[in-house]
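Student: Mind looking over this structure? Questions follow.
The values are calculated or read from the model by the stated rules, or taken from the named source; none is laboratory data. Quick caveat, the model's predicted, so the values are computed rather than measured. FYI the Cβ positions are ideal-geometry reconstructions off the backbone, even for glycines, and counts take in every protein chain you see. Just the protein is used for accessible areas: all its heavy atoms, side chains included, with ligands, DNA and RNA removed. Shrake-Rupley method; radii C 1.70, N 1.55, O 1.52, S 1.80 Å.
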Amino acid sequence: MQKKTRIYVFPGQGSQKVGMGAELFGRFTELVATADAELGYSIEELCLRDSSSRLNQTQFTQPALFVVNALSYLNHLLETGRLPRFVAGHSLGEYNALFAAGVFDFRTGIRLVQRRAHLMAKASGGGMAAVIGLSVDQIHRACGLAGVTGIDIANLNSPNQVVISGPEPDLAAVQPDLERAGAQLIRRLPVSAAFHSRYMAEAGRVFQGFLEGVTFHEPRIPVISNVTARPYQLAETKEVLARQITHAVRWVESVQWLLLQPEPDFLELGPGNVLTGLIRRIKTEGNRLSVTP
C-alpha cells in the first residue's frame, strides 16, 4: 500500500470565533506569555472572552489566529509526533505554514503578523464579496458589461467560490450583472477594506520595508505559496510575503498542486473546518477557474 502524503493546512481570517484555543493556552504557557508581551494584551482573554469586542477587528483577528493555529500545530505534534510532508495556509494562515516549516520562530511570527494586521487595518474605503456559482472569466465578463474596472480577484477558494475586492460603489454596481450571469449567491464579507487587491499597494510597500529587517531560514518542510501556488524558495520569501497582501490567494491551484502528490492526506489545524470544506469542493468540482496571476 502506498504511503499517504501528510499535508497540514492553516485557516485565515474569517475562521476566528470566541472560545477558540480554550484547550491550548494552559498547555503552552510560555508561548502565551511571549505572545502577550509582544502584543501588549492578553491573547487568552481576547480569544476566550473578547470582553472588548475586538476579535473581529483585523488588527486583533490576525494575531489571535496566528497564535491559535500555531498552538494547534504544536499540540498536534506533541500528541502524535507526526510531521507533515507539505504545509499550506490561506492568507494569514500562510504565516503558520511558514512557522511550522521553521522559516521563522514563534516570536518573529507574532511580530510579522502584528505588523501586517496593523497595515491592513489602516486601509479603508473598499470591501469584499464572495461570489458563488461563477468562474473568474464569468466575473470578468460581468464587470465588463457593468463598465466596472475597479474590481480585483482576491481569493480563488474553490471552482465554485471566488472572492472579489474593490471600492464599495464598484461592488454595488457589478452585483446586478453578476446575478444575471448566474451567481447563486453574492455575500458581502465583514471586512474594512479591499484585501488582496491593488488597493493594498501602500500596505504592501510598507510591509516589504519592514521585512527587510527580518531574517528568514530555509523551509524544513515545503510551504505552498498563496501567490505562486508552488513551494516557497528562501530567496523569494520577502518579496512573496509582500506581494501576498496585494495579490489573489490562489487556493484552488495550491490544492490542485498538492493533490498531485501520492495519496494526499489533508489535516486542517486551527479553529473551524473552512479549508476542509474548500478542499473537498476542489476535489469534486474540478477545474473551472482561470485567472492571470
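Student: Select from region 97-113 the residues that are surrounded by fewer than 24 Cβ atoms within 10 Å (Cβ to Cβ) and of a type in the set (Phe, Trp, Tyr) and write down the one among them that is farthest from Gly272 (Cα to Cα).
Tutor: Phe104
Student: Just for region 25-40: of the residues that are part of a loop (DSSP other than H, G, I, E, B) and touching a helix residue (DSSP H, G or I) at 6+ places or on another chain (Cβ under 8 Å), which one is surrounded by the fewest Cβ atoms within 10 Å (Cβ to Cβ)?
Tutor: We begin by selecting, within region 25-40, every residue part of a loop (DSSP other than H, G, I, E, B); these are 25-28, 40.
Next cut, touching a helix residue (DSSP H, G or I) at 6+ places or on another chain (Cβ under 8 Å) only: 25, 27-28.
Details: Phe25: 20, Arg27: 12, Phe28: 19.
Among them, the one singled out is Arg27.
Student: When both residues are 6+ apart or on different chains and their Cβ atoms are under 7 Å apart, which pairs have a first residue that lies in region 40-65 and is without any contact (Cβ under 8 Å) to a residue 12 or more places away in the chain, and a second that is assigned to a helix (DSSP H, G or I) and surrounded by fewer than 19 Cβ atoms within 10 Å (Cβ to Cβ)?
Tutor: Matching pairs, first to second residue: Ser42/Asp36; Ser51/Glu45.
Student: Please work out which residue is surrounded by the most Cβ atoms within 10 Å (Cβ to Cβ), limiting yourself to region 78-96 and to residues that are touching a helix residue (DSSP H, G or I) at 6+ places or on another chain (Cβ under 9 Å) and assigned to a helix (DSSP H, G or I).
Tutor: Start the filter on region 78-96 by keeping residues that are touching a helix residue (DSSP H, G or I) at 6+ places or on another chain (Cβ under 9 Å), which leaves 82-84, 86-96.
Filter once more, keeping what is assigned to a helix (DSSP H, G or I): 93-96.
On the way: Gly93: 27, Glu94: 26, Tyr95: 27, Asn96: 32.
That would be Asn96.
Student: Evaluate the following for Ser42: is it over 22 Å from Ala101 (Cα atoms), small (Gly, Ala, Ser) and modelled with pLDDT of 95 or more? Give the derivation first.
Tutor: Values: over 22 Å from Ala101 (Cα atoms): yes; small (Gly, Ala, Ser): yes; modelled with pLDDT of 95 or more: yes.
Criteria met by Ser42.
Student: Output the helices (runs of 4 or more DSSP H) that fall wholly within region 195-270 and possess 3 or more residues being buried (at least 16 other Cβ atoms within 10 Å of the Cβ) and in contact with a strand residue (DSSP E or B) (Cβ under 7 Å, 6 or more places away or on another chain), or say none.
Tutor: So the answer is 251-259.
Student: Which of (1) assigned to a loop (DSSP other than H, G, I, E, B); (2) under 18 Å from Asn273 (Cβ atoms) is the odd one out, the single condition Ser72 does not satisfy?
Tutor: It is condition (1) that Ser72 fails.
Student: Taking Gln59 as meeting all but one of (1) open to solvent by less than 60 Å² (accessible area, probe 1.4 Å); (2) part of a helix (DSSP H, G or I); (3) under 22 Å from Ala154 (Cα atoms), write down the number of the exception.
Tutor: The one condition Gln59 does not meet is (1).
Student: Please verify whether region 5-24 includes one or more residues that are free of Cβ contacts under 8 Å to residues at least 40 places away in the same chain and either assigned to a helix (DSSP H, G or I) or surrounded by 19 or more Cβ atoms within 10 Å (Cβ to Cβ) (or both).
Tutor: no
Student: What tally of residues in region 170-194 results from selecting those that are at pLDDT below 95 and either open to solvent by less than 30 Å² (accessible area, probe 1.4 Å) or part of a helix (DSSP H, G or I) (or both)?
Tutor: 2
Student: Go over the candidates Gly204, Gly270 one by one and state the one that is in contact (Cβ under 8 Å) with a residue 40 or more places away in the chain, at positive phi and among the small types (Gly, Ala, Ser). It would help to see each step written out before you state the result.
Tutor: Details: Gly204 fails: at positive phi.
On inspection, the qualifying residue turns out to be Gly270.
Student: A further question on this structure: For Arg54, state whether it is within 27 Å of Phe266 (Cβ to Cβ) and charged (D, E, K, R).
Tutor: Working: within 27 Å of Phe266 (Cβ to Cβ): no; charged (D, E, K, R): yes.
Against the criterion (within 27 Å of Phe266 (Cβ to Cβ) and charged (D, E, K, R)), Arg54 does not qualify.
Student: Still on this structure: Looking at Thr80, Thr58, which is the one that is hydroxyl-bearing (Ser, Thr, Tyr) and within 22 Å of the chain's Cα centre (by Cα)? Before the answer, list the steps.
Tutor: Working: Thr80 fails: within 22 Å of the chain's Cα centre (by Cα).
Only one candidate passes the filter, namely Thr58.
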